[in-house]
Every structure is written in structure tokens, then in C-alpha cells.
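We did not get these values from a lab; they are worked out from the coordinates using the rules stated. All values reported here derive from a predicted model rather than from experimental measurement. Cβ sites come from the backbone with ideal geometry, for glycine too, and all protein chains shown count toward neighbours.
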Amino acid sequence: MLLCDAAQVADGKLYILGGGWSVIGPDPAPSAIAIKLEVDWHEAATSHHWELFLLDADGREVGVDTPDGRQLIEIRGDFEVGRPEGIPAGSPIDLPLAINLGPLPLPAGSRYTWRFTVDGESDDGWSLGFTTRPPVVV
């Protein structure tokens, strides 16, 4: 997983612009999360569900106010991979994901973490922390 300014998947590859940051703002700005999954051979041809949640420094899910009320900042999707021809049996199968986000109205001077899960499971390495810069004092 990598925080970046923008990401795209083409021809099975991740294309990343402005990648590798962990500080943003203080004003809201577009961002993206680039993810490369390795799906086990025995998990091919099986449907999987992924989720990405934004958490605050205390581990609580982050929400934003909308005209429809408070909405949690979370993204969900499903995937299923096939077994590519010519790949030795037992090899992991690459699955790149590019998740582009519009500017998020997050308070300045705060710490956040994106937490990724697949089929309800997560791992310590499946998170990305970042900080919003403090407000500019004029």
C-alpha cells in the first residue's frame, strides 16, 4: 500500500504520481491509495470482498458531514482473479488496485490511518498512516 497524489491501473500495472508521502494539507487535497495484492493460487476463481476505512488517532472511524447526514469515510469493493496461462501452479497472482479520492475535509494538525481488510481479515502491514499539517498562521 502506498499513499500518493494519483494512481491508475493499466495492463496489470500500477501507475503512481506523487507517491510515498505521509503529510498532507493543511487544506484538503485530492489523494490516492495504490495497493498491490498477491492472491494465493488456491484463492483464484473465488469472490473476495475488500474494505478500506479511515481511522483517527484513537482508532475511531472518521466521518464527514454531508447533506444526507454524517457519512463514514470508507470504500468497498469485490474482486475475483483467474489463473493466468503460463504461470506455474502455486504462484501468487498479482492484483493492483488504484483508489483515487477527492479532497477530504479533515481537520488540520491531526493523525489518521487507512486500514485495509480482505474478507474481514487484516494484517499489521495493511495500514497507512498520515498527518495533516497544522493550520498556517498569518
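Close contacts from segment 120-136, counting a first residue that is within 15 Å of Ala57 (Cβ to Cβ) and a second that is hydroxyl-bearing (Ser, Thr, Tyr) and not in a strand (DSSP E or B), with Cβ to Cβ under 9 Å and a gap of 6+ residues or different chains, come to Leu128/Ser22; Gly129/Ser22; Phe130/Ser22; Thr131/Ser22; Thr131/Ser110; Thr132/Ser110.
Scanning segment 86-116 for residues being touching a residue at least 24 places away in the same chain (Cβ under 8 Å) and either surrounded by fewer than 16 Cβ atoms within 10 Å (Cβ to Cβ) or more than 30 Å from Glu43 (Cα to Cα) (or both) gives a total of 18. Would segment 82-93 turn up any residue that is closer than 27 Å to Ala10 by Cβ and touching a Leu at 6+ places or on another chain (Cβ under 8 Å)? No, there is no match, as no residue in segment 82-93 is closer than 27 Å to Ala10 by Cβ and touching a Leu at 6+ places or on another chain (Cβ under 8 Å).
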